[in-house]
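*Asks:* Pasting a structure here, questions to come.
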Amino acid sequence: MSHGHILIVDDEPQIRRVMRVTLSAQGYLVGDARSGEEALEKLREEKFDLVLLDMNMPGIGGLAACREIRERSDIAVIMLTVRNTDKDKVEALDAGADDYVTKPFSTPELLARIRAALRRLPHAGTGPGPLVMGDLEINPKTRRVKVRGKEVRLTPKEFDLLCFMTTRPNEPIAHGLLLQTVWGPDYGNEVEYLRVFINQLRKKIENDPSKPQYLITEPWIGYRFQTPS
């Protein structure tokens, strides 16, 4: 039984070959592409569960490819980059990636990141009917969100983060708890993840992202989902 269908996108044949062998040995179905353009074409033709996307490629490049993927799909995306700077990490997450891995990476690290990206909160797919708060409607069963009656597209991690926060309304939730609940036990110190994901969520669900009414920052602690009065 396959653990999932993964698309490897990298312009280096050796990296694609090594990752294909590694992931196939772990029970994943694997496809590959040499460029962002080829990846977008394959994603139109086949169903994948996750994309491993190199950040620095000829052509449209990884960031642009990620943005295009996000416009049409909520597939899990992990960005691969040779640069380990905060700026590059933030760019990857801002483009819509669920995670990033810095080259060179170890096999256990890559597999852990893949498991985290494919991870879904148990309640997210089995919950009751839609939850309506103010002009926000969240349907845990269908994993869909509407704002003022209009559906907005969230990435898998954006949805899980929002959905988890709504289970503890008006309560400050620590950075570490948010990270470990949504991404998994191996996470906890990646506070920058949360800053980027919360900012992205605010852009999608808040009337004024600079003055949020739902996703409230708790200084030095974490974040809080504020229910409308």
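What follows draws every value from the coordinates through simple rules; no lab data is involved. Note that this is a predicted model, so its numbers are computed, not measured. Don't worry about glycine lacking a Cβ; one is built from the backbone with ideal geometry, like all the others, and counts go over all protein chains shown.
*Asks:* How far is helix 156-166 tilted, in degrees, relative to the longest principal axis of the Cα atoms in the chain, given as a value from 0 to 90 rounded to the nearest 10?
*Replies:* 20 degrees
*Asks:* Name the residue farthest towards the positive end of the dipole of the chain from the options Leu52, Thr142, Ser73, assuming +1 on Cβ of Lys and Arg, -1 on Cβ of Asp and Glu, about the Cα centre.
*Replies:* Thr142
*Asks:* Give the distance, in whole Å, between the Cα centre of segment 203-229 and the Cα centre of segment 131-170.
*Replies:* Comparing the Cα centres of segment 203-229 and segment 131-170, I get a distance of 13 Å.
*Asks:* Now for a separate question. Over segment 63-119, what is the relative contact order in percent, taking alpha-carbon pairs closer than 8 angstrom and at least six residues apart?
*Replies:* On the way: 58 pairs, mean separation 21.8, N = 57.
Computed value for segment 63-119: 38 percent relative contact order.
*Asks:* A further question follows. What do you get for the angle between helix 13-25 and the principal long axis of the chain? Use alpha-carbon atoms, 0 to 90 degrees, nearest ten.
*Replies:* 70 degrees
*Asks:* For the chain, what is Rg from Cα atoms divided by 2.2 N^0.38 Å, rounded to two decimals?
*Replies:* Rounded to two decimals, the normalised Rg is 1.02.
*Asks:* Between the alpha-carbon centers of segment 38-83 and segment 1-25, tell me the distance in whole angstrom.
*Replies:* One Cα centre to the other: 14 Å.
*Asks:* Whole-Hz Karplus ³J(HN,Hα) for segment 216-229, in order, using 6.51 cos²θ - 1.76 cosθ + 1.60 and θ = phi - 60°, x for Gly and Pro?
*Replies:* 9, 7, 9, x, 6, 10, x, 9, 9, 8, 8, 7, x, 6
*Asks:* Search the structure for amide H atoms under 5 Å from the amide H of Met133, placed 1.01 Å from N in the peptide plane, and list their residues when 5 or more places away or on another chain.
*Replies:* Close amide H contacts, sequence-distant or interchain: Ile138.
*Asks:* Would you mind checking the tilt of helix 36-45 against the longest principal axis of the Cα atoms of the chain, expressed as 0 to 90 degrees and rounded to 10?
*Replies:* Roughly 70 degrees, rounded to the nearest 10.
*Asks:* I need to check one value: relative contact order of segment 17-144, counting alpha carbon pairs closer than 8 Å and at least 6 residues apart, in percent.
*Replies:* Details: 154 pairs, mean separation 20.8, N = 128.
Worked out over segment 17-144, it gives 16 percent.
*Asks:* Still on this structure, please answer the following. Of Ala25, Val101, Leu63, which is farthest towards the positive pole of segment 5-118's charge dipole, taken about the Cα centre with +1 and -1 on the beta-carbons of Lys, Arg and Asp, Glu respectively?
*Replies:* Positive-most Cα among the choices belongs to Ala25.
*Asks:* Let me ask something else about it. Could you order peptides 139-146, 53-60 by the average number of other Cβ atoms within 10 Å of their residues, highest first? Present the calculation step by step, with values, prior to reporting the outcome.
*Replies:* Values: 139-146: 16.5, 53-60: 19.4.
Packing proxy ranking, top to bottom: 53-60, 139-146.
*Asks:* Would you mind working out the magnitude of the charge dipole of segment 140-218 relative to its Cα centre, with +1 at each Lys and Arg C-beta and -1 at each Asp and Glu C-beta, to the nearest 20 Debye?
*Replies:* Once rounded to the nearest 20, the dipole reads 580 debye.
*Asks:* Then there's this: Using a/c under 1.5 as the rounded threshold, could you call segment 5-118 rounded, prolate or oblate? The axes a ≥ b ≥ c are square roots of the C-alpha gyration tensor eigenvalues, and prolate needs a/b larger than b/c, oblate otherwise. Before the final figure, lay out each step's value.
*Replies:* Values: a/c = 1.31, a/b = 1.07, b/c = 1.23.
It is rounded, given that a/c, with a ≥ b ≥ c, falls under 1.5.
*Asks:* Give the long-range amide H neighbours of Ala33: residues separated by 5 or more places, or on another chain, with amide H under 5 Å away, using H modelled in the peptide plane at 1.01 Å from N.
*Replies:* Distant-sequence amide H within range of Ala33: Ile8, Val9, Asp10.
*Asks:* Explain nothing, just the number: dipole magnitude of segment 1-68 about its Cα centre with +1 on each Lys and Arg Cβ and -1 on each Asp and Glu Cβ, in debye rounded to the nearest 20.
*Replies:* Numbers: 8 positive and 12 negative charges, 38 e Å.
Computed charge dipole of segment 1-68: roughly 180 debye.
*Asks:* Bin width 5 Å, origin at 0, all Cα-Cα pairs of segment 122-225: what percent of pairs per bin?
*Replies:* 2, 13, 25, 27, 21, 10, 3, 0
*Asks:* Relative contact order for the chain using alpha-carbon pairs under 8 Å, separation at least 6, rounded to a whole percent?
*Replies:* For the chain, the relative contact order is 13 percent.
*Asks:* Hey, another quick one. Report the Cα-based extents of segment 72-168 along its three principal axes, largest first, to the nearest Å.
*Replies:* Here the Cα extents, ordered largest to smallest, are 45, 26, 25 Å.
*Asks:* Using the crude model of +1 on Lys and Arg Cβ and -1 on Asp and Glu Cβ, and no other charge, please compute the dipole size for the chain relative to its Cα centre, in debye to 20. Don't skip to the answer; put the middle values down first.
*Replies:* Values: 33 positive and 33 negative charges, 111 e Å.
Here the size comes out at about 540 debye.
*Asks:* Between their Cα atoms, which of Lys150/Lys204; Lys42/Lys146; Lys47/Lys141; Lys150/Lys203; Lys42/Lys204; Lys89/Lys157 are more than 18 Å away from each other?
*Replies:* Over 18 Å Cα-Cα: Lys42/Lys146; Lys47/Lys141; Lys42/Lys204.
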